[in-house]
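**Q** I'd like to ask some things about the structure below.
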Amino acid sequence: MARRWHDPKKLLWLLGMLAPASALLPSQLVLHTGVSAFWWSGAMLFFLVIPVVDALAGEDGNNPSDAQVQDLQHDRFYRWCTFLFLPVQYAGLGVACYLVTFGTLSAVDKIGYAVSVGLVAGIGINAAHELGHRVESTERWLAKIALAQSLYGHFHVEHNRGHHARVATPADPASARMGESLYRFLSRSVSGGLVSSWDLEKQRLERKGSGVWTIRNNVLNAWAMSAALFGVLVAVFGVGILPFLVLQAVVGVMTLESVNYIEHYGLLRGRTPTGRYERCAPRHSWNSDRIVTNIFLYHLQRHSDHHANPGRRFQTLRTFDEAPQLPAGYATMVVLAAVPPLWRRVMDPRVVAHYDGDVTRANLQPSARARLERRWATVPERAAAA
């Protein structure tokens with residue numbers, strides 16, 4: 001009898017609870033140190049501490065075999081790792097609302113605290129991403145609950161039925177184009193995802209002979225959860241809590257969309273002889289096997305396997321040699337993306353090298369196409385060596 005697969009990272013997944021628990025960290029740090037700057041500790045953790053630890057811990061590279069994947073897929077321990085994220089996430093939100101309402105925080109402190117809580121909301125969207133891909137209805141509803149804090153419930157529809165169908169094509173609002181800055185991408189992805197999710201759900205309901213204004217509309221019932229959550233918090237803490245809630249939701253959405261920007265930047269699926277886009281393959285997603293960020297993001301950085309096998313649970317995702325590799329983990333890359341000239345200097349040569357020096361094979365920003373083709377047409381050797 002074959003031995004059951006032992007996941008060497010199994011207990012490490014429990015450390016993923018530190019991500020939502022980080023919303024509880026600012027108050028404790030300020031209490032014990034008296035340093036008000038720690039209301040911004042979420043930003044310090046995600047954009048300073050994790051990148052440093054990521055670099056020190058290095059890469060994982062450990063893949064289960066096909067046979068071992070079956071053991072992992074059905075081990076309920078991993079489901080509880082995602083289930084437990086939600087109560088910790090909402091405990092942090094509740095404590096934050098209490099301290100913002102009844103504490104003595106300055107305006108700057110409240111902004112910092114909103115950023116810290118919003119970063120947790122953004123990672124909560126990733127937990128929802130993992131839950132939302134499951135066929136079990138309970139997990140799909142839990143995904144909507146995780147999304148309620150960020151007012152981004154329509155992501156549940158757009159990601160599964162829109163993004164996965166159109167990924168790495170110009171038609172996908174969540175696939176960034178080479179030459180497109182993060183800030184331009186944010187507006188396109190947020191607005192495009194909203195419109196797409198509504199259209200997709202409208203089409204689904206019409207096929208069932210139903211109108212769009214129904215509780216069975218998965219966009220509307222997800223938004224209703226956000227309305228109920230915000231309504232309860234306003235009822236308990238007063239209308240003055242609304243600016244804090246809105247700001248943390250905006251930070252959560254920007255966190256998610258910044259990761260979206262990284263995941264497929266400049267990558268393009270080719271056309272088949274029939275004119276259709278080829279099937280999504282590992283080469284159409286940027287990967288990073290930095291173990292620390294992968295623990296916090298439920299293997300999201302093994303993005304190629306996720307798109308090739310969206311039904312696989314996070315613990316079974318594998319790394320591929322053929323997938324293009326980022327030079328660092330997502331936390332570090334988000335910082336780079338916030339500075340477009342630095343991002344282009346790091347990533348554009350990698351995109352061109354991925355296409356063997358032929359920039360015309362990349363997913364290019366239309367307004368930048370002529371400029372990019374002129375620039376990279378003259379230096380294919382440098383691009384291929386990048």
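The values are calculated or read from the model by the stated rules, or taken from the named source; none is laboratory data. Predicted model, so just to flag it, every value in this text is computed and none were measured. Please note: Cβ atoms are built from the backbone with ideal geometry, for glycine as well, and neighbour counts cover all protein chains shown. Heavy atoms of the whole protein, side chains included, go into the accessibility calculation; ligands, DNA and RNA do not. Shrake-Rupley method; radii C 1.70, N 1.55, O 1.52, S 1.80 Å.
**Q** Go through region 191-210 and count every residue that is farther than 18 Å from G132 by Cα and surrounded by 11 or more Cβ atoms within 10 Å (Cβ to Cβ).
**A** Matching residues across region 191-210 total 9.
**Q** If you go through region 84-98 one residue at a time, how many are buried (at least 19 other Cβ atoms within 10 Å of the Cβ) and either among the aliphatic types (A, V, I, L, M) or not in a helix (DSSP H, G or I) (or both)?
**A** 4
**Q** Condition first: open to solvent by 30 Å² or more (accessible area, probe 1.4 Å) and touching a residue at least 12 places away in the same chain (Cβ under 8 Å). Can you find one or more residues in region 256-267 that meet it? Full working, then the answer.
**A** Let us first name the residues in region 256-267 that are open to solvent by 30 Å² or more (accessible area, probe 1.4 Å), namely none.
Within region 256-267, not a single residue is open to solvent by 30 Å² or more (accessible area, probe 1.4 Å) and touching a residue at least 12 places away in the same chain (Cβ under 8 Å).
**Q** Report, by residue number, each residue of region 152-162 that is buried (at least 22 other Cβ atoms within 10 Å of the Cβ) and of a type outside the set (D, E, K, R).
**A** Y152, G153, H154, F155, H156, V157, H159, G162
**Q** For region 131-165, give me each residue that is at negative phi and part of a loop (DSSP other than H, G, I, E, B).
**A** Of everything in region 131-165, those that are at negative phi and part of a loop (DSSP other than H, G, I, E, B) turn out to be H133, R134, V135, E136, Q149, S150, Y152, G153, H154.
**Q** Name the pairs: first residue in region 209-233 and free of Cβ contacts under 8 Å to residues at least 40 places away in the same chain, second residue open to solvent by 40 Å² or more (accessible area, probe 1.4 Å), Cβ to Cβ under 7 Å, at least 6 apart or on different chains?
**A** S210/R216; V212/K202
**Q** Given R318, R302, R371, R313, which one is without any contact (Cβ under 8 Å) to a residue 60 or more places away in the chain and either open to solvent by less than 50 Å² (accessible area, probe 1.4 Å) or on the phi < 0 side of the Ramachandran plot (or both)?
**A** Going through R318, R302, R371, R313 in turn, just one is without any contact (Cβ under 8 Å) to a residue 60 or more places away in the chain and either open to solvent by less than 50 Å² (accessible area, probe 1.4 Å) or on the phi < 0 side of the Ramachandran plot (or both): R302.
**Q** Please go through region 1-24 and pick out each residue that is exposed (fewer than 13 other Cβ atoms within 10 Å of the Cβ) and either touching a strand residue (DSSP E or B) at 6+ places or on another chain (Cβ under 7 Å) or in a helix (DSSP H, G or I) (or both).
**A** L11
**Q** Further question on the same structure: Condition first: under 17 Å from E136 (Cα atoms), open to solvent by 40 Å² or more (accessible area, probe 1.4 Å), free of Cβ contacts under 8 Å to residues at least 24 places away in the same chain and part of a helix (DSSP H, G or I). Can you find one or more residues in region 67-81 that meet it?
**A** Checking region 67-81: at least one residue is under 17 Å from E136 (Cα atoms), open to solvent by 40 Å² or more (accessible area, probe 1.4 Å), free of Cβ contacts under 8 Å to residues at least 24 places away in the same chain and part of a helix (DSSP H, G or I).
**Q** Turning to a different aspect of this structure: Taking the conditions exactly as written (closer than 20 Å to L11 by Cα and either in contact (Cβ under 8 Å) with a residue 24 or more places away in the chain or not β-branched (V, I, T) (or both)), does L105 satisfy them or not?
**A** Numbers: closer than 20 Å to L11 by Cα: no; either in contact (Cβ under 8 Å) with a residue 24 or more places away in the chain or not β-branched (V, I, T) (or both): yes.
When the stated conditions are applied, L105 does not pass them.
**Q** Criterion first (surrounded by 15 or more Cβ atoms within 10 Å (Cβ to Cβ) and touching a Pro at 6+ places or on another chain (Cβ under 7 Å)) does V334 satisfy it?
**A** Numbers: surrounded by 15 or more Cβ atoms within 10 Å (Cβ to Cβ): yes; touching a Pro at 6+ places or on another chain (Cβ under 7 Å): no.
So V334 fails the test.
**Q** Sticking with this one: With (1) under 17 Å from the mean Cα position of the chain (by Cα); (2) open to solvent by 20 Å² or more (accessible area, probe 1.4 Å) as the list, and A171 as the residue in question, which single condition is left unmet?
**A** For A171, the failing item is (1).
**Q** Please determine, by comparing only the residues of region 135-151 that are open to solvent by less than 30 Å² (accessible area, probe 1.4 Å) and in contact (Cβ under 8 Å) with a residue 60 or more places away in the chain, which one is farthest from the chain's Cα centre (by Cα).
**A** E139
**Q** So, one more: Looking only at residues that are surrounded by fewer than 20 Cβ atoms within 10 Å (Cβ to Cβ) and of a type in the set (S, T, Y) in region 99-122, which one is nearest to K144 (Cα to Cα)? Let's see the steps before the verdict.
**A** In the first step, residues of region 99-122 are kept if they are surrounded by fewer than 20 Cβ atoms within 10 Å (Cβ to Cβ); the result is 99, 101-104, 106-108, 110-111.
Retained after the next criterion (residues that are of a type in the set (S, T, Y)): 101, 104, 106.
Details: T101: 27, T104: 33, S106: 33 Å.
If we take residues in region 99-122 being surrounded by fewer than 20 Cβ atoms within 10 Å (Cβ to Cβ) and of a type in the set (S, T, Y), then T101 is nearest to K144 (Cα to Cα).
**Q** Here's another thing I want to ask about it. Any residue in region 25-43 that's farther than 14 Å from L99 by Cα and open to solvent by 70 Å² or more (accessible area, probe 1.4 Å): show its pairings with residues that are at pLDDT 95 or above and outside any helix (DSSP H, G or I) at Cβ separation under 9 Å, as long as the two are six or more apart or on different chains.
**A** Cβ pairs passing all conditions: none.
**Q** Kindly indicate which of A337, A331 is of a type in the set (A, V, I, L, M, F, W, C) and at pLDDT 95 or above.
**A** One residue alone meets the criteria, A337.
**Q** Any idea which of (1) among the aliphatic types (A, V, I, L, M); (2) without any contact (Cβ under 8 Å) to a residue 24 or more places away in the chain; (3) crowded, with 18+ Cβ neighbours inside 10 Å is the one L342 doesn't satisfy?
**A** Every condition holds for L342 apart from (3).
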